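**Student:** Take a look at the following structure, please.
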Amino acid sequence: MTALSAREVREAAALVRERRAATDRALKRRGLTVLAVGLSFGLALLLAWAGGWRMEESRLQLLVVVGSASFAAMLVWALAPSRRQLLGEKSALAPLVLETLGDFDYAPGGRIAEDMLARSRLFGRWSDYSGGDLVRGEHEGLPFGYARAALTRGGPAKLESLVTSGKVKEVFRGAVLAVEGLPPAAGTAFAVTDRGRAMDWLADLSAEMPELRRRESGALEVWAADPEDAGRLARPELAEALAALCKAADAGSAELGLHGTAALVKLHTRRPILPGIAEDPVDEARDLHREMKAALALVAALARG
């Protein structure tokens, strides 16, 4: 960061600290209110039961449902300041960090287009997709987007799956980097840092596409239908850039796929962008700076391939 931007980040962090203190006070007040209401409701039921109070089973069930729903709504109300505070921190700090790297846009609620995830074939099947913290712009002449993403199967948007299976399966949670404008790939090609982590989708694709074969097994294990595509992904420069991004994003492994003129990278990390839990917000700003710098280095490596 430049000296000026570092000063601006410190000033923004001081404001964030003040807002955190105000939010903590609001959360305590609201938490005490919710606790008082919950205890009152529970005490009323206990006294009614001890006093031999009886009512129809259907009305009792309705009372329990209404009481539980009301209590859940109060919990949401009690935690609302925390969510607003987190969004405020992201909006205050993220743009300042990004200004030091280039002319990029930041959208706290933005995400990578779902059809791009589907075209990459890196994720298998999913029913629900959510995302956030989208950073987008152009680097080395290539449009890119970088965001957090979560994919599940059998989630609330697919109630028939939830009823049938009785559980929600997490397909992926982490970061996604999408890059467009590359020279077209001849076929389907993937590079993985951990084949065991990638086997869920890789095994299905290998069965569907006999021409997809493992062609390189150095720092990156490369699977491709075309030898030239495999060569593009097996470059040491690309492996180094991907490893650096994994380290910066605290990701255990990563997968990269070429499809047409686009590339998509998925990073298995559970760390949010600016999670809002560090004692000093400046530390989180530095983490974001390091992560975005590594993401841009990977975009540059793809541009040179």
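The values are calculated or read from the model by the stated rules, or taken from the named source; none is laboratory data. Keep in mind that what you see is a predicted model, and the values were worked out from it rather than measured. For neighbour counting, all protein chains shown are included, and Cβ atoms are generated from backbone atoms with ideal geometry for every residue, glycine included.
**Student:** Restricting to the stretch 261-298, name every residue that is over 19 Å from the mean Cα position of the chain (by Cα) and within 14 Å of Leu242 (Cα to Cα). Give the steps one after another, and end with the answer.
**Tutor:** So the first thing to find is which residues in the stretch 261-298 are over 19 Å from the mean Cα position of the chain (by Cα), and the list is 261-262, 279-283, 297.
Across the stretch 261-298, the qualifying residue is only Ala297.
**Student:** Test of understanding: among Val265, Val222, which residue is more than 27 Å from Pro108 (Cβ to Cβ), buried (at least 22 other Cβ atoms within 10 Å of the Cβ) and touching a residue at least 24 places away in the same chain (Cβ under 8 Å)? Give the derivation first.
**Tutor:** Details: Val265 fails: more than 27 Å from Pro108 (Cβ to Cβ).
After ruling out the rest, the residue left standing is Val222.
**Student:** From the residues in the stretch 149-204 that are of a type in the set (Asp, Glu) and within 23 Å of the chain's Cα centre (by Cα), which one is modelled with the highest pLDDT? Outline the logic, then answer.
**Tutor:** Going through the stretch 149-204, the residues of a type in the set (Asp, Glu) turn out to be 160, 170, 180, 194, 200, 204.
Adding the requirement that they be within 23 Å of the chain's Cα centre (by Cα) leaves 170, 180, 194, 200.
Numbers: Glu170: 90, Glu180: 97, Asp194: 93, Asp200: 83.
For the stretch 149-204, the residue satisfying everything is Glu180.
**Student:** Filter the helices (runs of 4 or more DSSP H) completely within the stretch 205-305 down to those with at least 3 residues that are of a type in the set (Gly, Ala, Ser) and in the same structural domain as Gly124 (by TED's automatic domain parsing).
**Tutor:** In the stretch 205-305, the matching helices (runs of 4 or more DSSP H) lie at 236-248, 281-303.
**Student:** Sticking with this one: For the stretch 100-129, give me each residue that is touching a helix residue (DSSP H, G or I) at 6+ places or on another chain (Cβ under 6 Å) and assigned to a helix (DSSP H, G or I).
**Tutor:** Hits for the stretch 100-129: nothing passes.
**Student:** Okay, next question. Only one of Arg232, Arg213 is over 11 Å from Thr188 (Cα atoms) and either of a type in the set (Lys, Arg) or modelled with pLDDT of 95 or more (or both). Can you tell me which?
**Tutor:** The conditions single out Arg232.
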